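Down below is the structure, laid out as structure tokens.
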Number of protein chains: 2
Amino acid sequence: MNYTEMEPAKVREYIREEKIVGPTSGMSAGYAQANLVVLPKELAYDFLLFTQRNPKSCPVLEVTDVGSRYLKKIAPSADIAHDIPLYRVYEKGILTGQYKNVEQLWRDDFVSFLIGCSFSFESELITAGIEIRHNTEHCNVPMYITNIDCEPAGMFSGKMVVSMRPIPVDQIVKAVKVTNEMPQVHGAPIHIGTPEQIGIKDIGKPDFGDAVTIKEGEVPVFWCCGVTPQSVVMNSKPDFVITHAPGHMLITDVKNTTLKYM
Amino acid sequence: MNYTEMEPAKVREYIREEKIVGPTSGMSAGYAQANLVVLPKELAYDFLLFTQRNPKSCPVLEVTDVGSRYLKKIAPSADIAHDIPLYRVYEKGILTGQYKNVEQLWRDDFVSFLIGCSFSFESELITAGIEIRHNTEHCNVPMYITNIDCEPAGMFSGKMVVSMRPIPVDQIVKAVKVTNEMPQVHGAPIHIGTPEQIGIKDIGKPDFGDAVTIKEGEVPVFWCCGVTPQSVVMNSKPDFVITHAPGHMLITDVKNTTLKYM
């Protein structure tokens, strides 16, 4: 089955029927995929405020109404409790289970946050002629926990997580310009070069994902990463949170290019 | 006293001492001024979600911690209960009083929202060589209630309010480009020309502010307006809200030009 060319609603149908249970990378090419954080209403204000104070790490695409499993803007036909291939449940910061759907766990006081993902700006970088090394090397993007504190909000606090892509010196300006146009998916880089300045001791040992080759004449460029909100939620140990499993995203009906104008 | 050239902290001192009690337009030239909405915590989630769903109408510059009268980012030395020349209190949507400070009314459960203001982009338009008609005519900007529904959030809903500036046809593209660079202060226009299409029956009769001359060869251009959040808050009739009185803003320590990079 060719999921790359398939419309998002159709892919979500296969996911809902649990015929797709793996990562969504590359499916419905050109359409934005989103990170998921589901919290009880009593924690939702603190988390929403956290996203407002840390917009580069947590670019919110949509927040549901309390108790609703449905989105109005980015994927009106999606069911949040079924349309992600794999969910994770964390209780007091500890992973307590993975589920193909969260129908049985759903509560009337849940609020869902859909957060932009760097998959979207990578396709724009490729269009601009910039190689994405972890694609070339068929691995996951390297991610690092930095020494930069997020702005805390209520119960939520923690360090910023960044993703890294090696960029040839003469393409750095272009990479900044392309991603700056897409604030809904982390926007421009947060740091260029000098990993030690943001607390990264060994660029060859990422905290999440895989190490990639940095060639002669290339500079490590760092972007805010969608792992930050999950990492902060875990760090802050709320009683009960549902997230997507890494790489198992919600495929939205919004084209990456359209995100520029939302 | 020349308040135009004065540093924001110094002007706020005069306001705190109630030596300045009038509108702040033109004071501390080059620095951003902000709209204020203060709500009890129990309403803050709905309002914060409203701003997230309506970012062009409600560009949030900063939200305080619960009970705090102090800002961390945009004006660290300001006291929210004293540093605005004139406050308004609304109870269930009805204006019940105006105050030079709100010290006596302050409660531990208050949350303050500071929202960007079009004063900031007007100075950029002037720098770009675009005349601001209501400045030339020494009156307030004309504002209109449209037929466009804001995205509702919890208890908050209502129509979008827009401000209008007449722009010569050959300067419209420039006006869009300049304001598009400043999403923190309403960003690009929401509508160009054809007022009737957004429910404005008589361009000569604004709902707020003053009518201005539209010359031959000029087109009315409409931007989302900072009156929207106040109008929506009033429309939704919460028990108790404090706002600034129109034109009596918080002068921040952030330069308008810096807002582009926040």
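A few notes on this one:
- Proximal lysines relative to B:Lys205, as straight alpha-carbon distance under 17 Å, when same-chain residues fewer than 8 apart are discounted: B:Lys215
- Lys, Arg +1 and Asp, Glu -1 on Cβ, resulting dipole of chain B about Cα centre, debye, nearest 20: 160 debye
- Full-stretch length increase - B:Thr258, B:Asp239 - with 0.36 nm per residue and alpha-carbon distance subtracted: 3.2 nm
- Of all the options A:Val169, A:Val111, A:Val89, the one that moves most in a Gaussian network model of chain A with Cα springs shorter than 10 angstrom is A:Val169.
- Prolate/oblate/rounded label for segment B:48-94 (Cα gyration tensor, a/c 1.5): oblate
- Ordering B:Lys159, A:Lys100 from the fewest to the most neighbouring beta carbons within 10 Å gives A:Lys100, B:Lys159.
- Debye, to nearest 20: dipole size of segment B:48-192, +1 on Lys, Arg Cβ, -1 on Asp, Glu Cβ: 180 debye
- Counting other Cβ atoms within 10 Å as a rough exposure proxy, the listed residues B:Leu95, A:Leu86, A:Leu259 run B:Leu95, A:Leu86, A:Leu259 from fewest neighbours to most.
- Pseudo-label separations to other copies for A:Tyr70 - Cα-to-Cβ vector, 7 Å, nm: 4.7
- Within segment B:169-226, the percentage of alpha carbon pairs spaced more than 13 angstrom apart rounds to 66%.
- Between copies, A:Glu42 shows label-point distances of 1.7 nm, shortest first, with the point placed 7 angstrom from Cα along Cα to C-beta.
- Computed as a quarter of the hull surface, the mean projected area of the alpha carbon convex hull for the protein assembly as shown stands at 25.4 nm².
- Within 10 Å of the Cβ of each residue in B:43-50, the mean number of Cβ atoms contributed by other protein chains is 4.
- For B:Val219, inter-copy label distances in nm, listed shortest first [label point 7 Å out on the Cα-Cβ vector]: 4.0
- Exposure proxy shown here: for A:Asp83, B:Asp239, the number of other Cβ atoms within 10 Å sets the order, fewest to most, as B:Asp239, A:Asp83.
- Once both labels are positioned 7 Å from their Cα atoms along Cα-to-Cβ, the gap between A:His138 and B:Ala29 label points is 6.4 nm.
- In angstrom, the C-alpha Rg and Dmax of segment A:33-162 are 16.2, 46.
- Closest approach to the axis carrying A onto B, counted by Cβ on chain A and given in whole Å with its residue, is A:Tyr45, 2.
- Student exercise, the protein assembly as shown dipole from Lys, Arg, Asp, Glu Cβ charges, in Debye to nearest 20: 20 debye
- Quotient of C-alpha Rg and 2.2 N^0.38 Å, computed over chain A: 0.96
- Taking 0.36 nm per residue of sequence separation and removing the Cα-Cα distance, the B:Asp170/B:Asn147 pair yields an extension gain of 5.5 nm.
- For segment B:119-229, the convex hull drawn through the C-alpha positions has a volume of 100 cubic angstrom per residue.
- Inter-label distance for A:Asn2 and A:Val21, nm, one decimal - labels placed 7 Å from Cα along Cα-to-Cβ: 2.7 nm
- Normalising the average separation of contacting C-alpha pairs (under 8 angstrom, six or more residues apart) by the number of residues puts the relative contact order of segment B:119-229 at 35 percent.
- Approximating the spin labels as points 7 Å out from Cα along Cα→Cβ, the B:Ala9-to-B:Ser157 distance works out to 4.7 nm.
- Positive-end ranking of B:Ala9, B:Asn54, B:Pro229 along the dipole of chain B, with charges on Cβ about the Cα centre, is headed by B:Asn54.
FYI, it's all coordinate maths here, none of it is from the lab. This one's a predicted model, so the numbers in the text were calculated from it and none came from an experiment. Every residue, glycine among them, receives a Cβ derived from its backbone with ideal geometry; neighbour counts consider all protein chains shown.
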